[in-house]
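Just below is one structure, and these are the notes that go with it.
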Amino acid sequence: MSSTFLKNITPTLIEWRRSLHALPELGFMEYITTYRLGKELEKMGFNLYIGKEVLLEGSRMGVPSIADLESHEKKALDWGVEESWLDKMRGGNTGLVATWDSGKKGEHIGFRFDIDALPINESTDLTHLPSKNKFVSNEENVMHACGHDGHAAIGLGVAKYISSHNDQLKGRFTLLFQPAEEGGRGARAMTAKGWLDDVDYFYSGHIGIESLPVGTIAATTQGFLASTKFNVYFRGVSSHAGMNPELGKNALLAATTAANHLYGIPRHHDGITRVNVGRMTAGSGRNIIPEDSYMEIEVRGETAQIALYMAEKATQIIQAAAHMHDVSYTIEEVGVTEVVVCDDALIPKITDWCSSSEYIKEVLPVVSVSGSEDVSFMMNRVQEHGGKATYMLFGTELDYPHHHPRFNFQEETLLAATEAYICILNGGSRDV
């Protein structure tokens, strides 16, 4: 039966994905995306919770500037977002939760779908599928370069199945369309609102990460690292570089000193570590001692203890660089993720449930990954309350890696991923 459903919904899944891809939005500024998803879910009959109803405002991290938020809010209104919807989201309170009660006793199942894009300028080369098929990003320096447009479309597909097959399902369903996954900023605020506190089974996943054939999925993953993201500001004193260089205090040198030494943090014998300086800006002219500098950095570790070690070492280096160049500094923590541990008990269940599917050809028990995921907050909350959780992968061949201007995925994976979740829905109902 899911096969017929998927065949019928295939053009819609692709259209959802492509229309979202063409209008990407950065984290906590997904005003239009939230509205578009919400209107689709509203038509399906879901109970909707929007913006400030969805997340704990004070638990957000790395919220954009007021000027950026207000600019995007105006853009959302101009695009056609209803004032009543925008009022719930103002100030960067984006995202939504859709709930459904089948009316029959059963488990509470939760799903997470991230919806934000990245600050990347998408390729317009005609060998790039979105360019060739005219759904390339319309936004300068904003791109769905990680597959979240696909995740959101999959979420709508799962919702459509729930709403049209209620008679076959049992229990309750909570679908979280999460803002600001990039940078580890959004999941913590949603989790703090309590959406996961009584969830029995929780599922999330990702298109790609590892290059796998379409139709191959992984029931669990291992290897996600705990991480901390920092914005760092150095403040010095400006002066004429030729006439009075001794009166200046060079904030650029403080930043470059910090950057060089961050990469020298000793690796930890207990596990994997990572460090990256992803952005650095400073100065205003060739003959002016730079008064200000700004850095965006992150550190990661295989365990919470190793991640803390990396964060502490990074902080010490930033402080030392500031003292060395006699400038002041500010360190702002703007994102964080935790370690992810999937429940192995779900492997045989997912394998069994997906055994007769049309679009899933192979279920791998586990795939090792790297990187970090703020879904860790959601998974850990479910597990702390006695539930089970996993993070899955949905195979696609990758010609270019995630976060690349030419990133794309095979759209057939939308069907495999949606069917995987449908199999889970039906299998969970059978097992109750």
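Only the coordinates and a few stated rules stand behind these numbers; no lab work does. Remember, predicted model here, so these are calculated numbers, not experimental data. Backbone-built Cβ (ideal geometry, glycine too); neighbour counts: all protein chains shown.
Return a whole-number percent for the relative contact order of the chain, with Cα pairs under 8 Å and 6 or more residues apart as the contact set.
Details: 989 pairs, mean separation 96.6, N = 432.
Contact order relative to length: 22 percent.
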How much length would be gained if the chain were fully extended between Ser163 and Ser370, taking 0.36 nm per residue of separation minus their Cα-Cα distance, in nm to one decimal? 71.0 nm
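Test of the criteria: in the stretch 179-288, which trypsin sites (Lys or Arg not before Pro) are in a DSSP loop and have at most 10 other Cβ atoms within 10 angstrom of their Cβ?
Arg286
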If you take all C-alpha pairs in the stretch 248-304, what percent of them are over 15 Å apart? 54
Label-point separation (nm) for His403 and Arg90, each offset 7 Å from Cα along Cα-to-Cβ? 3.5
Share of alpha-carbon pairs per 10 Å distance bin for the stretch 157-197, given as whole %: 23, 38, 30, 9
What percentages, rounded to whole numbers, describe P(r) for the stretch 35-109 computed over all alpha carbon pairs with 10 Å bin width beginning at zero? 17, 43, 27, 10, 2
Would you give the gap between the C-alpha center of the stretch 204-274 and the C-alpha center of the stretch 123-168, rounded to a whole Å? 29
Over all directions, how big on average is the projection of the convex hull of the alpha-carbon atoms in the stretch 133-184, in square nanometres? 5.6
MRE, 222 nm, helices only [DSSP H, n ≥ 4, -39500 (n - 2.57), over the chain, to nearest 500]: -11500 deg cm²/dmol
Percent antiparallel among DSSP beta bridges confined to the chain, nearest 5, equals 65
Can you give me the convex hull volume of the Cα atoms of the stretch 1-156, divided per residue and expressed in Å³? 138
Which of the GluC sites (Glu not before Pro) across the stretch 1-96 are loop residues per DSSP, with 14 or fewer other Cβ within 10 Å? Glu82
Can you pull the one-decimal nm distance between simple spin-label points at Tyr263 and Ser355, each 7 Å off the Cα toward Cβ? 5.2
Describe numerically, in nm with one decimal, the distance between label points set 7 Å from Cα along Cα→Cβ at Asn244 and at Glu53. 5.9
Any chance you could count the Lys pairs in the stretch 82-222 whose alpha carbons are under 28 Å apart, treating pairs 8 or more apart or on different chains as valid? 12
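Counting other Cβ atoms within 10 Å, keep those with at most 10, restrict to DSSP loop, and tell me which trypsin sites (Lys or Arg not before Pro) in the stretch 108-154 are left.
Lys134
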The stretch 118-225: translational diffusion in µm²/s, Stokes-Einstein, Kirkwood Rh over Cα pairs, 20 °C, 1.002 mPa s: 127
So what's the Cα pair-distance distribution over the stretch 381-432, bin width 10 Å, in %? 20, 34, 27, 17, 2
Looking at the calculated P(r) for the stretch 312-395, what percent of the C-alpha pair distances fall above 23 Å? 49
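Regarding the stretch 166-316, what's the average projected area of the Cα-atom convex hull, expressed in nm²?
Values: hull surface 57.7 nm².
So the mean shadow area of the Cα hull is 14.4 nm².
Any chance you could list the semi-axes, whole Å, largest first, of the equivalent ellipsoid that the Cα gyration tensor gives for the chain, using √(5λ)?
40, 24, 20
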Which whole-number percent is the relative contact order of the stretch 317-432 (Cα, under 8 Å, 6+ apart)? 29
Kirkwood Rh in Å, taken over the stretch 291-432 so that all alpha-carbon pairs contribute: 18.9
